[in-house]
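Some notes on the structure that comes next.
The values are calculated or read from the model by the stated rules, or taken from the named source; none is laboratory data. Computed from a predicted model, the values in this text were never measured in an experiment. Note that we place each Cβ from the backbone using ideal geometry, even for glycine, and neighbour counts take in every protein chain shown.
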Amino acid sequence: MSNLLIYNSLSRTTQKFEPINPPYVGMYVCGPTVYGPAHLGHARPAVTFDLIFRYLRYLGYKVRYVRNITDVGHLEHDADEGDDKIAKKAKLENLEPMEVVQTYTEDYHKNMRLLNCLPPSIEPHASGHIIEQQQLIDKILANGYAYESNGSVYFDIKKYAEKYRYGKLSGRNVEDLLEKTRTLDGQDEKRNQCDFALWKKASPAHIMHWPSKWSEGFPGWHLECTAMSTKYLGEFFDIHGGGMDLQFPHHECEIAQAVGAMGHDSVKYWVHNNMITINGKKMGKSLGNAMTLEQFFAGQHELLEQPYTPMTVRFFILQAHYRSTLDFSNEALQASEKGLEKLLSAVKSLDSLSAGKSSSFSVSELKEKCFDALNDDFNTPVMISYLFEGVKHINLIKDGKEGLTEADLNDLKKLYHDLCFEILGLKDETAKSDNSEVIGNLVDMIQQLRKTAKADKNYALSDKLRDDLNRAGVKIKDTKDGYEWSL
């Protein structure tokens with residue numbers, strides 16, 4: 001169906017994409033843990049796998065895209081110790097855990113819509129698949145790769161390593177992991193410290209728990225993805241995706257669970273996006289550079305010089321290859337903002353161009369180069385560079401210095417529409433809606449309030465009104481003669 005090549009993290013090679021059951025493709029992506037507002041780190045995997053989803057569908061595949069919601073079992077420090085993040089948030093805010101889940105799932109969905117990410121085919125919750133996770137534990141226990149200890153169940157890494165390789169995805173050496181096992185004092189439940197929890201007995205203070213044959217407890221974090229991916233995509237499926245930080249231990253444990261239960265790995269292609277940094281530093285609360293997407297879009301963070309629209313963020317992400325580190329900085333984002341405006345302006349101008357008698361450049365060659373780049377492991381930065389080569393020709397045609405036949409002009413319009421909107425998932429945020437006159441009148445009223453606030457030297461109120469408009473999706477630009485606004 002195509003010449004698509006995908007880098008497989010398992011083999012560390014680029015392989016020709018050959019679905020297990022063409023034209024059907026099964027894709028599972030690790031989704032968010034919904035215990036707080038959607039943050040900048042959520043944007044990259046969402047945009048990366050939205051691109052892959054869009055492109056596979058464009059190529060004619062029938063894609064079942066499953067992206068989970070983690071709402072139980074993801075612990076604060078690691079998979080086996082610490083407080084469950086959602087339960088911890090519920091205690092702090094005196095809420096039911098599912099109130100926390102509902103609030104931040106809706107927040108995540110809102111921000112994904114702003115980034116123009118298509119919804120997945122299925123979005124299962126870990127808490128809705130407790131039975132499937134318990135059934136998976138039963139299979140692993142029956143095959144001898146897990147053991148019960150004081151009401152908890154652990155995966156036995158040492159036993160598994162006697163027949164299979166644990167660490168083949170991340171390149172870890174199981175002997176090194178076992179050697180680092182601290183001396184057990186008789187009070188530790190695990191046989192080896194690197195063993196991971198399949199089921200944890202709940203303490204009296206733990207507010208999220210379910211009945212089981214082992215104890216009143218809850219599933220380990222790694223278990224949910226193995227249970228839900230195989231439930232909806234079968235024992236063999238095509239693509240499993242997520243951030244590079246999930247390779248170890250999460251995805252390594254997923255492989256072990258699948259093999260331990262079924263005797264084989266379920267995934268044909270493991271695909272991982274790289275991390276996001278800010279001004280060269282890893283994101284973190286302790287570093288003061290962690291920010292939510294809402295803060296990013298509104299420009300309400302000390303590291304931001306201005307608000308950045310969702311499409312600026314999406315375009316910026318797509319300008320780097322998904323496997324490379326992506327560093328956010330004001331300079332880089334502002335360059336992306338200008339680049340996006342230039343690209344979309346050229347696309348918009350295509351509708352007003354007139355055909356000529358002959359073609360001055362090859363549209364078919366441009367098309368071939370763009371799709372060759374996409375087929376080379378979704379190489380969007382190279383593809384976008386070719387789009388900008390085409391923009392130069394579009395502008396020359398607009399100025400009457402070049403020409404295209406009607407057939408080539410129609411092909412060029414379709415090419416840019418398909419690549420920019422259908423595949424890259426961009427949209428024109430400056431386009432005014434049918435209600436633009438009503439919106440304009442409301443903006444005028446708010447701008448008058450801002451003018452009055454400034455006259456009273458109440459600059460805080462003036463800034464707040466502008467930021468409120470930004471959050472509502474109206475971008476305000478103050479000018480020498482007044483102001484300009486756009487959606």
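So for segment 327-334 (the condition being more than 23 Å from LEU404 (Cβ to Cβ), surrounded by fewer than 19 Cβ atoms within 10 Å (Cβ to Cβ), of a type outside the set (A, V, I, L, M, F, W, C) and in contact (Cβ under 8 Å) with a residue 40 or more places away in the chain), does at least one residue qualify?
Yes, segment 327-334 contains at least one residue that is more than 23 Å from LEU404 (Cβ to Cβ), surrounded by fewer than 19 Cβ atoms within 10 Å (Cβ to Cβ), of a type outside the set (A, V, I, L, M, F, W, C) and in contact (Cβ under 8 Å) with a residue 40 or more places away in the chain.
LYS342 is checked against (1) crowded, with 18+ Cβ neighbours inside 10 Å; (2) not in a loop (DSSP other than H, G, I, E, B) and fails just one. What number does that condition carry?
(1)
Can you tell me which of (1) farther than 30 Å from GLY26 by Cα; (2) polar (S, T, N, Q); (3) touching an Asp or Glu at 6+ places or on another chain (Cβ under 8 Å) is the one THR226 doesn't meet?
(1)
Pick from segment 80-104 the residues that are surrounded by fewer than 16 Cβ atoms within 10 Å (Cβ to Cβ) and in a loop (DSSP other than H, G, I, E, B): which of them is modelled with the highest pLDDT?
Looking at the filtered set, the residue picked out is GLU96.
Please pick out the residue among ALA142, ALA161, ALA126 that is of a type in the set (A, V, I, L, M, F, W, C) and over 17 Å from HIS251 (Cα atoms).
Exactly one residue qualifies, and that residue is ALA142.
Say we look at segment 360-384 and pick out the residues that are without any contact (Cβ under 8 Å) to a residue 24 or more places away in the chain and over 24 Å from HIS272 (Cβ atoms); which of these is farthest from the chain's Cα centre (by Cα)?
Residue satisfying both the conditions and the ranking: SER362.
Can you report the number of residues in segment 217-240 which are among the small types (Gly, Ala, Ser) and either in contact with a Cys (Cβ under 9 Å, 6 or more places away or on another chain) or farther than 15 Å from VAL267 by Cα (or both)?
Initially, segment 217-240 is screened for residues among the small types (Gly, Ala, Ser), giving 217, 220, 227, 229, 234.
Okay, now just the ones that are also either in contact with a Cys (Cβ under 9 Å, 6 or more places away or on another chain) or farther than 15 Å from VAL267 by Cα (or both), so 217, 220.
Final tally of qualifying residues: 2.
Filter segment 289-308 down to the residues that are among the polar types (S, T, N, Q) and either in contact with a strand residue (DSSP E or B) (Cβ under 7 Å, 6 or more places away or on another chain) or under 21 Å from PRO32 (Cα atoms) (or both) and list them by number.
Here is the first cut: in segment 289-308, the residues among the polar types (S, T, N, Q) are 289, 292, 295, 300, 306.
Passing the criteria: ASN289, THR292, GLN295.
Grab the strands (runs of 3 or more DSSP E) fully contained in segment 5-52, keeping just those with 3 or more residues being in contact with a helix residue (DSSP H, G or I) (Cβ under 8 Å, 6 or more places away or on another chain) and not basic (Lys, Arg).
24-29
I want to confirm something. Restricting to segment 122-179 and keeping residues that are buried (at least 20 other Cβ atoms within 10 Å of the Cβ), hydroxyl-bearing (Ser, Thr, Tyr) and in a loop (DSSP other than H, G, I, E, B), which single residue is farthest from the chain's Cα centre (by Cα)?
Among residues in segment 122-179 that are buried (at least 20 other Cβ atoms within 10 Å of the Cβ), hydroxyl-bearing (Ser, Thr, Tyr) and in a loop (DSSP other than H, G, I, E, B), the one farthest from the chain's Cα centre (by Cα) is TYR145.
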